[in-house]
Amino acid sequence: SPSGYYILAGTNGTFATYCNMGTLCGSAGAWTRLAYLDMTDATVNCPSGFRLYQSGGVRACGRYNSGPGCVSVQFPSNGISYSQICGRVTGYQYHSTDAFDGSTNDLNSYYVEGVSITRGSPRQHVWTLANGLTDSYNNHPYWICP
C-alpha cells in the first residue's frame, strides 16, 4: 500500500491517521504517525500550554518562563500496539542553556534543558535532546553537553 491517510481501528473506535510505508529510522514500512508539528507552516499552532517563539523567520514552541520548570504534551497511541518509536525534533536555543543543571534527575520532573521523549504510564525514557552551554568542563559540569 502507498503512504497516505488511512482509517484505523483503535480501542476507542476508528480514527484517521497518516501511515508512512517507506523506510524510517532504518526500518521498512507501516509507520503510524501519532504526532506532527510543522512549525514552518504559519497556520500551525503550538500545543496547549506551550508558547510560540518567533525570531528571524523561525517559529518554535517552548515554555512560557525561563526559570526551572517544564511543559508537556501527550500524543495518544489510540490503543495501537507498537514495537518501535521513530521521530525527529529540531531544537533552538532561547535564553540560557543549562543542559542537565537541575536539582533533580527524576524523569517525572524537569531534569534537562531540552526535549525529553517518554512513553507509557509510568513513564519510560525513550530519548532526550539536551542543549548545553559548553562541550568541555568549566567548573559547571551539568552545563556540559558533549
Would you confirm whether or not segment 43-55 contains a residue that is farther than 23 Å from THR118 by Cα and hydrophobic (A, V, I, L, M, F, W, C)?
yes
Checked GLY79, GLY69, GLY13, GLY26 against criteria (at pLDDT below 90, loosely packed, with under 10 Cβ neighbours inside 10 Å and either small (Gly, Ala, Ser) or closer than 25 Å to ASN105 by Cα (or both)); the one match is GLY13
Selection from segment 17-35 of residues farther than 30 Å from GLN93 by Cα and in a loop (DSSP other than H, G, I, E, B) yields MET21, GLY22, GLY29, ALA30
Can you tell me how many residues within segment 35-57 are closer than 12 Å to VAL73 by Cα and in contact (Cβ under 8 Å) with a residue 40 or more places away in the chain?
1
Residues of segment 34-44 that turn out to be surrounded by 13 or more Cβ atoms within 10 Å (Cβ to Cβ) and out of contact with any Lys or Arg (no Cβ under 7 Å at 6 or more places or on another chain), as a count:
3
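Conditions (1) assigned to a strand (DSSP E or B); (2) in contact with a strand residue (DSSP E or B) (Cβ under 9 Å, 6 or more places away or on another chain), marked per residue:
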| residue | (1), (2) |
| --- | --- |
| PHE15 | yes, yes |
| LEU37 | no, yes |
| THR43 | no, no |
| GLY49 | no, no |
| CYS61 | yes, yes |
| SER83 | no, no |
| VAL89 | no, yes |
| TYR94 | no, yes |
Contacts under 7 angstrom Cβ, first residue in segment 109-130 being aromatic (Phe, Trp, Tyr), partner part of a strand (DSSP E or B), 6 or more apart:
TRP127/ILE117
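The values are calculated or read from the model by the stated rules, or taken from the named source; none is laboratory data. Source: prediction; values computed, not measured. Neighbour counts run over all protein chains shown; Cβ positions are idealised from the backbone, glycine included.
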